[in-house]
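These notes concern the structure reproduced below.
What follows is calculated from the coordinates using simple rules that are stated; it is not laboratory data. Just so it is clear, the model here is predicted, and its values are computed rather than measured. As a convention, Cβ positions derive from the backbone with ideal geometry for all residues, glycine included, and neighbour counts pool all protein chains shown.
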Amino acid sequence: MPPTLPFDRTHIHPGDRICAAISGGADSVALLLTLHAANTAKHDALGAGLSAVHVDHGIRPPEESAADQHFVEALCASLEVPLHLHSASVPTRAAQTGETIEEAARAIRYDFFRTLIATGQADSILTAHTLDDQAETVLMKLLRGAWTEGLSAIHPVVDVPASTPSQHPGKILRPFLHTRRAEIESFLHALNQPWREDLTNADPAYTRNRIRHQLLPQLREYNPSLDQTLANLAELARDEEARWQTELARLLPQLLLPGKPVRGGGRAVSTAPGESSVAIELDRLRPLDPALRRRVLRAAARQLGARLSFDETARLLALCGFAPYPPVGPPTVAARTGSTLHLANNLRAERSPRELRLHRQP
């Protein structure tokens, strides 16, 4: 009996058009083989329409990229799986946007994935992220000072909404998130199935590679089960964040006010989404616990298209008079009427006698 790999098939239904993202590396090759075997099984087959997608990021030497593509094309042809090809220049995008190479590469991939979904060529794109990838991502987020939503890291399911009525909605699925990279390589060795090695995966210029090859091996000396521990943390953070979002959806309409009050009553601006200013009455913030106060302030900033760091959130709390900042010593912001804060993303905060007002300047 041929070897098999377990995968999460919860969100795959008969008749779905599923598309496996394949780079030619071990993880993505194993994903395509696993999906193909499950789709052609005699019993309990997926019953889905299977295709694949390969993206050339324009990072590596052309001959290496071409060899990867030829490998993927041959594998898909042997399995009779249709293949979507896309090429772009990640260095060009990174230079234009200021993104890192890793960020630009991810953006290009997912832009094309969304195109396949929007045009009805796929209902779901499946990527081969593993438990190891999850652990690396959680640690990377932690080192960068992420909040709970950041520590949730790689989600097993991401909804892709339709941008227009004529487009199709879909999902990004990660069915290998509970599978270890070592299991995948053992699976491929048992099948005598080769794969492509991307030399950039060993390049210490990339943060993820330093975490993978330098930091994680040292940390495993303290906790041999660290990868599973970090993956568990991601799941906990994801569930906690979902719970908070439900609570915020209930509370925010009662707490956030548009713009400024005007003489005679009422507010100066509409309540349309994306408005440039929002306010919170201080008396409504006072009864809230510290965790909820932080959430409300961050949600208010997000409504204006800005994200608050921990430091900025603490400064806003100090402006409201709830907590000193920094924790030791005198606050750097006076909690008095007329005090203002200039924050990142062109966000401005102003303290009035009764409100905290946030305004996003052009």
| said: Take the chain, mark every one of the trypsin sites (Lys or Arg not before Pro) that falls in a DSSP loop and has at most 10 other Cβ within 10 Å, then report the longest stretch left between them, sites excluded. | reply: 145-262
| At most 13 other Cβ within 10 Å, DSSP loop - GluC sites (Glu not before Pro), region 148-244 | E197, E221
| query | Which angle from 0 to 90°, rounded to the nearest 10, does the C-alpha axis of helix 181-191 make with the longest principal axis of the chain? | reply | 20 degrees
| remark: Treating only Lys and Arg (+1) and Asp and Glu (-1) as charged, each at its beta carbon, one finds that region 17-231 has a dipole about its Cα centre, in Debye to the nearest 20, of 380 debye
| said: Within the chain, which is the longest segment that contains none of the chymotrypsin sites (Phe, Trp or Tyr not before Pro) sitting in a DSSP loop with at most 16 other Cβ atoms within 10 Å? | reply: 1-205
| message | Can you give me the angle between helix 290-303 and the longest principal axis of the chain, using Cα atoms only, in degrees from 0 to 90, rounded to the nearest 10? | response | 80 degrees
| said: Could you identify which residue out of A67, A105, A153 has the top mean-square fluctuation in a GNM of the chain using Cα springs shorter than 10 Å? | reply: A67
| remark: Restricted to the chain, the DSSP antiparallel beta bridge percent, nearest 5, is 55 percent
| note | Of the candidates L46, P2, G58, the farthest towards the positive dipole end of region 1-67 (Lys/Arg Cβ +1, Asp/Glu Cβ -1, centred on the Cα centre) is L46
| said: How tilted is helix 226-255 with respect to the longest principal axis of the chain? Cα atoms for both, answer in degrees (0 to 90, nearest 10). | reply: 40 degrees
